[in-house]
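The values are calculated or read from the model by the stated rules, or taken from the named source; none is laboratory data. What you see is a predicted model; the values in this text were computed from it and never measured. Heads up, the Cβs are rebuilt from the backbone with ideal geometry, glycines too, and the neighbour counts pull from every protein chain shown. Side chains are part of the model used for accessible areas, which takes the heavy atoms of the whole protein and leaves out ligands, DNA and RNA. Shrake-Rupley method; radii C 1.70, N 1.55, O 1.52, S 1.80 Å.
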Amino acid sequence: MRRRSLILVAALTALVAGCGIRTTSVPVDAGAAPSRVPCNVTEDGTASTAAQGVPVRVFLVCGSQLEAVDRRSPQPEEKAGGDPVRTAGRLLAQLLAAPSEGERQAGFTTEVRGPLSVGGGHPGDPSGTLRLSRQPEDLTPTALSQLVCTFAESSAGAGGHTALLGGPGAYAPKRYRCTPELRERPSSAPPTAPVPTPSPSAG
């Protein structure tokens, strides 16, 4: 009899405890999602070097998306309308560099890995072609997306938010597009556009 009473008490206790976690209409602030990152670089004591170098903008990965980050390149400043190949090399060096402490704290990373270099097009390539030391398709989709958007949104681009990229071999270059959808999902393959017909070289 006593055992039956103990079982009944235990059952009632469990029922009461279960009622204690029922949903309520009172809003509860559980805080931000654990995966949320600021993606906003704050000043971290680099004011002494901020005025040095050439301002450049590159696209890094943050929160599974591409976000533009302003940096300073230590390379010598070029005049307006400078060599696109030199500009591309300057931007590639920034993508290959490890994120700064402030960028890491803000959640930024880069998937562009070396060895990797960039040069001008082959004879017969359309104007504005950039040739990488590795075939673009051999890079990870996110790394290629970083390169495409960084080049396309600079003077190294081919216009219209595009970049003409090829590899070291004889394969024809492709015209990659930097779109809002690509910046939101850089792990997808960058979309392409028709490649312009090469203009006959003068002389």
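Worth pointing out:
- In this entry, Arg131 passes the filter for residues that are more than 22 Å from Cys62 (Cα to Cα) and surrounded by 17 or more Cβ atoms within 10 Å (Cβ to Cβ).
- Put simply, of Pro141, Pro186, Pro168, Pro194 the only residue that is surrounded by fewer than 21 Cβ atoms within 10 Å (Cβ to Cβ), over 18 Å from Val56 (Cα atoms) and under 13 Å from the mean Cα position of the chain (by Cα) is Pro141.
Results for (1) at pLDDT 90 or above; (2) among the hydrophobic types (A, V, I, L, M, F, W, C); (3) more than 23 Å from Leu132 (Cβ to Cβ), shown as yes or no for each residue.
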{"site": "Gly82", "(1), (2), (3)": "no, no, no"}
{"site": "Gln94", "(1), (2), (3)": "yes, no, no"}
{"site": "Ala97", "(1), (2), (3)": "yes, yes, no"}
{"site": "Pro115", "(1), (2), (3)": "yes, no, no"}
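- Region 97-120: number of residues that are more than 16 Å from Cys62 (Cα to Cα) and either open to solvent by 40 Å² or more (accessible area, probe 1.4 Å) or under 16 Å from the mean Cα position of the chain (by Cα) (or both): 4
Listed here are the residues, each with its yes/no results for (1) in contact with a Ser or Thr (Cβ under 8 Å, 6 or more places away or on another chain); (2) under 27 Å from Pro196 (Cα atoms); (3) modelled with pLDDT under 90.
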position: Ala47; (1), (2), (3): no, no, yes
position: Phe59; (1), (2), (3): yes, yes, no
position: Glu103; (1), (2), (3): no, no, no
position: Gly120; (1), (2), (3): yes, yes, no
position: Leu130; (1), (2), (3): no, yes, no
position: Leu147; (1), (2), (3): no, yes, no
position: Thr150; (1), (2), (3): no, yes, no
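- Matching residues in region 134-145 - criterion: being farther than 23 Å from Thr197 by Cα, part of a loop (DSSP other than H, G, I, E, B) and either in contact (Cβ under 8 Å) with a residue 40 or more places away in the chain or not basic (Lys, Arg) (or both): Leu139, Thr140
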